[in-house]
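Visitor: Have a look at the structure that comes next, please.
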Amino acid sequence: MKPIYKQTYDVAVIGGGVSGCAAAVAAAGAGATTIVVEQSGYLGGTLTNCGVGPMMTFHAGERQVVQGFMGMLVERLKSSGNSPGHVPDTKQYTPTITPFNAEALKLLLDQALEEAGAQVLLHTFLGGAEVGGDRIKGALVCNKDGLNTISAKIFVDATGDGDLAFWAGAPMDKGRPEDGECQPMSLMMKYCNVDTGVLKKYILEHPQEFPHLEGKEELISQDIPMDVEGFQKEMAEAKALGLMSIARENILMFATDRQGEYILNTTRIIGHDPADAESLSDAERVGRRQCAELDRLVRSRIPGFENAILEFTGPSVGARSSRQLRGIQTLAASDILDEKRDNAIAYSGYPIDIHNPKGEGTMTAFLQKKGGWYGIPFHIMTCLEFANLLVTGRCASATFEAQAAMRVTPTAGAMGQAAGIGAALAASGEVDVRKLDPNAVRVLLKAQGAYIE
Ligand SMILES: Cc1cc2nc3c(=O)[nH]c(=O)nc-3n(C[C@H](O)[C@H](O)[C@H](O)COP(=O)(O)OP(=O)(O)OC[C@H]3O[C@@H](n4cnc5c(N)ncnc54)[C@H](O)[C@@H]3O)c2cc1C
């Protein structure tokens, strides 16, 4: 048997998205022997595996409320020429967006984990949990070594879907309370060779077609990666001709850090369950069909896309929401809108942003105060049932509405850093995570450069 399956780690992190990477680096940085298990061949989660971008947002008004591990990543992306850093959001949906190069991110995450001394096991899928009383004893994994168990004192579930918590038997919720429907999944599309000059000229000459950009002409004219939401007429006409099945009324696109490269976040796979194998599998097929329809539309109708090349879809379909832990604390919409920040271990200024689970339309609830921000409590990552489980990232305990705000990558990463510190503290003192004092976590977060009020 290989050493990885023989030893007991202080901390095992399942899932290598931004929340898992942040957790592993923070835990290893706090002295814990740490392993990360990831099903893909690279780290980064949706940012590398689903073509998601830009990261948004690190800011609340002028204030940068996400720093620490995520801030370090952006600095490294920037200094290596793989991100312009935080730039104004042309739509002003959020104060800033942070475009980046996903290939560079893969490499930077490899380096960050290596520097921290955390072990990474890629191509390894979690398929179950060994439980004894109120403790998880092992994570059952499958990879080229066959079926094995990873043992640890503390487990961090950073799978996005709460797979470990679910297999261990922790209480979970899924979707809206009224019908269990999750936000729609999307298969992203990445284009290169888009003529930004032509696209911008069209937008500036047809402001009535871009209500989200009204009054932002000065920002659009700047030489910064822009995001665009519009082309409603083109979508409606394609639908009327039976050429478009996407349940979305317009096209949403984001420029990346590269000249002429755009991410289209427009497909909408409704009525599917990201935590059901058959449904997830079908979501990929539906997403690809929608991408093919959209590809025909954008290359024939959208100015600037005449010679655009579809680089790739996905690679995998992305899930905005699925299972949520039912935690000791649960983040609610009112906590967000009332800007609660007591003893927080992470912060965000991102609004509640719900893509309609049933069809067209997106509901946004902005914070009442422009530039306001709210806190993420530590104990939305713990549950009453387990002494050694932390659930971080988009599957931590939150209502359907609140999850639609805290799910974005800067916040998920900031939360992950706190989970890693909490896990290291619990492992070193043989402490029950349910009894961890958020203030002890906050002290170490501050020492690691995170933004803490
Ligand atoms: C379509 C879409 C568009 C979005 N747009 C934006 C945006 O523009 N900006 C933004 O900031 N955020 C955006 N988000 C939200 C954001 O991408 C995610 O919510 C965020 O990445 C969550 O991070 P995470 O680390 O919690 O989860 P993830 O990034 O999902 O990472 C989870 C990791 O766990 C791994 N994993 C899962 N299950 C297993 C298992 N059983 N065994 C082993 N490994 C496993 C996965 O492979 C993955 O690497 C978007 C999300 C989607 C789906």
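Taken together, the values in this text are just the output of simple stated rules run on the coordinates, not laboratory data. From a predicted model like this one, the values you see are computed outputs, not experimental measurements. We place every Cβ from the backbone using ideal geometry, glycine too, and count neighbours over all the protein chains shown.
Visitor: Any aspartates and glutamates with Cα under 17 Å of the Lys6 Cα? List them, leaving off those in the same chain fewer than 8 positions away.
Guide: Hits, sequence-local ones excluded: Glu130, Asp145.
Visitor: If you don't mind, there's one more thing I want to ask. Restricting to lysines 8 or more places apart or on different chains, can you count the pairs in region 100-258 with Cα atoms under 17 Å from each other? Show your work: numbers first, answer last.
Guide: Values: Lys106/Lys190; Lys137/Lys153; Lys200/Lys216; Lys201/Lys216.
Qualifying lysine pairs in region 100-258: 4.
Visitor: Something else about it: Between Leu204, Gly271, Leu241, whose Cα lies farthest towards the positive end of the dipole of region 186-297 when Lys and Arg beta carbons carry +1 and Asp and Glu beta carbons carry -1, centred on the Cα centre?
Guide: So the residue furthest toward the plus end is Leu241.
Visitor: Right, something else. Enumerate the residues in region 151-195 having an amide nitrogen under 18 Å from the point lying 7 Å beyond the Cα of Arg258 toward its Cβ.
Guide: Output list for this probe position: 188-195.
Visitor: Using DSSP to define loop residues, name the trypsin sites (Lys or Arg not before Pro) in region 201-259 whose beta-carbon has at most 15 other beta-carbon atoms within 10 Å.
Guide: Working: sites: Lys201, Lys216, Lys233, Lys239, Arg248, Arg258; in loops: Lys216, Arg248, Arg258.
Filter output for region 201-259: Arg258.
Visitor: Once you have the alpha carbon radius of gyration of region 189-313, what is it after dividing by 2.2 N^0.38 Å, with N set to its residue count? Spell out each step's value before the answer.
Guide: On the way: Rg = 15.1 Å, N = 125, 2.2 N^0.38 = 13.8 Å.
Expressed relative to 2.2 N^0.38 Å, the Cα Rg reads 1.10.
Visitor: Can you tell me the relative contact order of the chain? Whole percent, Cα pairs under 8 Å, sequence separation 6 or more.
Guide: Details: 1142 pairs, mean separation 106.1, N = 453.
For the chain, the relative contact order is 23 percent.
Visitor: Let me ask another. Kindly state, to the nearest 0.05, the FRET efficiency for Arg301 paired with Asn193, given R0 = 22 Å and r defined as their beta-carbon distance.
Guide: Numbers: r = 17 Å, r/R0 = 0.76.
Working from the Cβ atoms, E equals 0.85.
Visitor: Let me spell out the model: positive unit charges on the Cβ of Lys and Arg, negative unit charges on the Cβ of Asp and Glu, origin at the Cα centre of the chain. What dipole size does that give, in debye rounded to 20? Don't skip to the end; give the middle numbers.
Guide: Values: 42 positive and 54 negative charges, 92 e Å.
The calculation lands at about 440 debye.
Visitor: If you don't mind, another one. Between the DSSP loop rule and a limit of at most 16 other Cβ atoms within 10 Å, which trypsin sites (Lys or Arg not before Pro) in region 359-426 are left?
Guide: Values: sites: Lys369, Lys370, Arg394, Arg407; in loops: Lys369, Lys370, Arg407.
Those that pass, being in a loop and sparsely packed, are Lys369, Lys370.
Visitor: Shifting gears a bit: Along the Cα→Cβ direction, 7 angstrom out, place labels at Leu147 and Asp437. What is the inter-label distance in nm?
Guide: Spacing of the two 7 Å Cα→Cβ label points: 4.4 nm.
Visitor: To continue, here is another question. For Ser334 and Leu122, FRET efficiency with R0 = 30 Å and r from the beta-carbon atoms, rounded to 0.05?
Guide: Values: r = 40 Å, r/R0 = 1.34.
Once the sixth-power term is evaluated, E becomes 0.15.
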